[in-house]
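The values are calculated or read from the model by the stated rules, or taken from the named source; none is laboratory data. Quantities reported herein were computed from a predicted structural model and do not represent experimental measurements. Every residue, glycine as well, gets a Cβ built from its backbone with ideal geometry; the counts of neighbours run over all protein chains shown. What goes into the accessible areas is simple: the full protein's heavy atoms, side chains included, and nothing from ligands, DNA or RNA. Shrake-Rupley method; radii C 1.70, N 1.55, O 1.52, S 1.80 Å.
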Amino acid sequence: MSRSQADWTLAAPAPPGGSYERSRTDRTDALFRPRLGLRRFIGTLFAVTCLLMTVAAIGMLVVLLVRVGLDARPWLSRHFLTNFPSTLYPERAGIWSALVGTAWLIGLTSLFSVPIGIGAAIYLEEYARKNWFSRLVHLNIANLAGVPSIVYGILGLAMFVRFCHLGRSVLAGALTMSLLVLPVIIIAAREALSAVPDSIRHAAYALGATRWQVIWHHVLPAALPGICTGIILALSRAVGEAAPLMMIGALTYVAFVPSGPLDTFTALPIQIYDWVSRPQSDFHGLAAAAIVVLLAILLTMNALAIGLRSWYQGRQP
Amino acid sequence: MMTDVQEYDLSNDRSGTIARPAIPAVQVRPAASSDAVPQSADDAPVITTDALSIYYGKFAAVQEATMAIPPRQVTAIIGPSGCGKSTLLRAFNRMNDFIPGMRVTGGLRCLDWEVYGSKTDAVELRRRVGMVFQKPNPFPKSTYKNVAWGARVNGYRGDLDELVERSLRQAALWDEVKDKLHASSLALSGGQQQRLCIARAIALQPDILLMDEPCSALDPIATSKIEDLIDALKERYTVVLVTHNMQQAARVSDLTAFMYMGRLIEFDATNTIFTSPHNRQTQDYITGRFG
């Protein structure tokens, strides 16, 4: 007796001889052509294909990391982090100025882009009327997020370096980077805000709260993990960008650290680019070591994003 | 407000047949009502609508509803899905404002406010006209903060601890949560969450409590607790209840309004609606012939 017959017998007791459900099963069986073997085979095939894609994607990444890691191994040391670069003695060269430059750059960038980004997202999501104009604005912001970073470099060069006379300063770099990450932050923050269920907003409004109180007390805290994740991911994009900084003229060889926002600077990606383009193989090893440091920074930032999110979810009450 | 009342009379030819004495809004003709109950300012309707229509874009969700809801009674609004009962309820504290394209014509007075008047501040109105939603929607914060928040943002000057306890007691929830006031409200059961939402609403000392199908997401035991609660709440508050469930309307309400296709078909004492409705459509709905 097949399983389906057993189920049927359970549902309705059989008349004497069991003829009733026998004939019914035959009748309904004729209506279907299950081809279970074929369906299951297609399912397995699909799963295996997806697995292969995953292996291919991760595999390439692993190969890349291993190659870089092997090249970098002999050059990584404490001195590598704390020494200034050297064009003559690769064994004494370090990335101190690039590290500090990157820190300055990201610090200033977040100072500009985070408040502006969150503010814009709150306005667009919570205040602006939903009409064709706000949709147009949204579409344009999404397009801006896809503009190549070199274009932002050109804009930064014309606007901040030349027009505002900021020169090749870390401030000009940070402002350019802010332009670059702003669309990403706005989009991430908007998505986090719109993911807050309306039932929360309505509950707060029904208690006689003003719009500001609803946003400040309920919507923003609920959206904060998502906003923070978006910010950190956007900033980690900025950490790895070289093109706009080269455009605005970040220096490749800097034997000092910036002491203020108007000082010239270098950054990790620029330093890496400089070393890679030198003919001596020692410098290629240095570049690999700098790449490992840059990757470590990026991974730390991403881990921070994840950690922040789960920490917020843990302390909801 | 008193002078307007006559226009909202929906039962002027049958005022003598109404069994319950405490339904001043329905038997509003001064002569009839003065026999039944002394008509004082306290008994004046708290919500009156005058040919109120509510549109979403071009669609008329509520058409020319005229009714007067008396204080400290439970008024149920029943009707099939999409009849406009929730829309009408949400108009009373302007929770419809968040729906783009919403338009209102006709008159709607709630307490002392012309609800859609240009001078009316919805924030002020909502402090006095509380609302409980279909699905329990506590804030993802502690039970205590859920109850205290509304009072806090409205500048409550009394003792918050005492207010929280009193509100939770009134909502028949205190004994179940008093030991975990500062734990997340999301850990409570669905029925407890809904009573928390009621506690949160009454912490603002509203005059009117609007309930939009408050039991439709709850199991029968939680439902019966909420129903008992509604019965107790009418001592202090005017309760307007939208429900899908006719038995619920019959059990808890003093007055029942029947809506169909956006129109207010009949509004009368619950007894009358369920035993000898005046209108054919009401009767068909009550007896389960449609809906």
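For segment A:124-141, the criterion of being among the small types (Gly, Ala, Ser) and either open to solvent by 20 Å² or more (accessible area, probe 1.4 Å) or within 24 Å of the chain's Cα centre (by Cα) (or both) is satisfied by no residue at all. May I ask you to verify whether B:Glu64 is without any contact (Cβ under 8 Å) to a residue 24 or more places away in the chain and either of a type outside the set (S, T, N, Q) or facing chain A (nearest Cβ under 9 Å) (or both)? The answer is no for B:Glu64.
Residue pairs whose Cβ atoms lie under 9 Å apart, separated by 6 or more positions or on different chains, with the first residue in segment A:229-250 and within 16 Å of A:Ile118 (Cβ to Cβ) and in contact (Cβ under 8 Å) with a residue 60 or more places away in the chain and the second surrounded by fewer than 17 Cβ atoms within 10 Å (Cβ to Cβ) and charged (D, E, K, R), are A:Thr229/A:Arg309. B:Gly158 meets the conditions (1) in contact (Cβ under 8 Å) with a residue 12 or more places away in the chain; (2) more than 24 Å from A:Val219 (Cβ to Cβ) in every case but one. The failed one is (1).
Of the residues examined, A:Leu220 is one that is within 14 Å of chain B (Cβ to nearest Cβ) and farther than 17 Å from A:Ser110 by Cβ. As a summary of the residue check, B:Asp207 satisfies the conditions (1) touching a helix residue (DSSP H, G or I) at 6+ places or on another chain (Cβ under 7 Å); (2) away from chain A (no Cβ under 14 Å); (3) of a type outside the set (Lys, Arg); (4) surrounded by fewer than 24 Cβ atoms within 10 Å (Cβ to Cβ) except for the one numbered (2). Scoring B:Asn93 on the criteria (1) within 22 Å of the chain's Cα centre (by Cα); (2) over 30 Å from B:Ala51 (Cβ atoms) leaves a single failure, condition (2). Inside segment B:137-147, residues that are open to solvent by less than 30 Å² (accessible area, probe 1.4 Å) and assigned to a loop (DSSP other than H, G, I, E, B) make up a count of 3.
Can you spot a residue in segment B:88-107 that is more than 8 Å from chain A (Cβ to nearest Cβ), in a helix (DSSP H, G or I) and among the aromatic types (Phe, Trp, Tyr)? So far as segment B:88-107 goes, yes, one or more of its residues are more than 8 Å from chain A (Cβ to nearest Cβ), in a helix (DSSP H, G or I) and among the aromatic types (Phe, Trp, Tyr).
Let's see how each residue does on (1) in a helix (DSSP H, G or I); (2) in the same structural domain as A:Val181 (by TED's automatic domain parsing); (3) out of contact with any Pro (no Cβ under 8 Å at 6 or more places or on another chain); (4) not charged (D, E, K, R):
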residue: A:Met53; (1), (2), (3), (4): yes, no, yes, yes
residue: A:Val66; (1), (2), (3), (4): yes, no, yes, yes
residue: A:Asp71; (1), (2), (3), (4): yes, no, yes, no
residue: A:Ala103; (1), (2), (3), (4): yes, yes, yes, yes
residue: A:Ile106; (1), (2), (3), (4): yes, yes, yes, yes
residue: A:Leu111; (1), (2), (3), (4): yes, yes, yes, yes
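B:Asp161 meets the conditions (1) surrounded by 15 or more Cβ atoms within 10 Å (Cβ to Cβ); (2) more than 8 Å from chain A (Cβ to nearest Cβ); (3) not in a loop (DSSP other than H, G, I, E, B) in every case but one. The failed one is (1).
Among the residues of segment B:170-192, those identified as of a type in the set (Ser, Thr, Tyr) and either more than 14 Å from chain A (Cβ to nearest Cβ) or under 26 Å from the mean Cα position of the chain (by Cα) (or both) are B:Ser185, B:Ser189. Yes or no: segment B:113-123 includes at least one residue that is under 26 Å from B:Ala232 (Cα atoms) and either open to solvent by 20 Å² or more (accessible area, probe 1.4 Å) or within 11 Å of chain A (Cβ to nearest Cβ) (or both). No: segment B:113-123 contains no residue that is under 26 Å from B:Ala232 (Cα atoms) and either open to solvent by 20 Å² or more (accessible area, probe 1.4 Å) or within 11 Å of chain A (Cβ to nearest Cβ) (or both). For A:Asp274, state whether it is open to solvent by 60 Å² or more (accessible area, probe 1.4 Å), of a type in the set (Asp, Glu) and in a helix (DSSP H, G or I). For A:Asp274, the condition - open to solvent by 60 Å² or more (accessible area, probe 1.4 Å), of a type in the set (Asp, Glu) and in a helix (DSSP H, G or I) - is not met.
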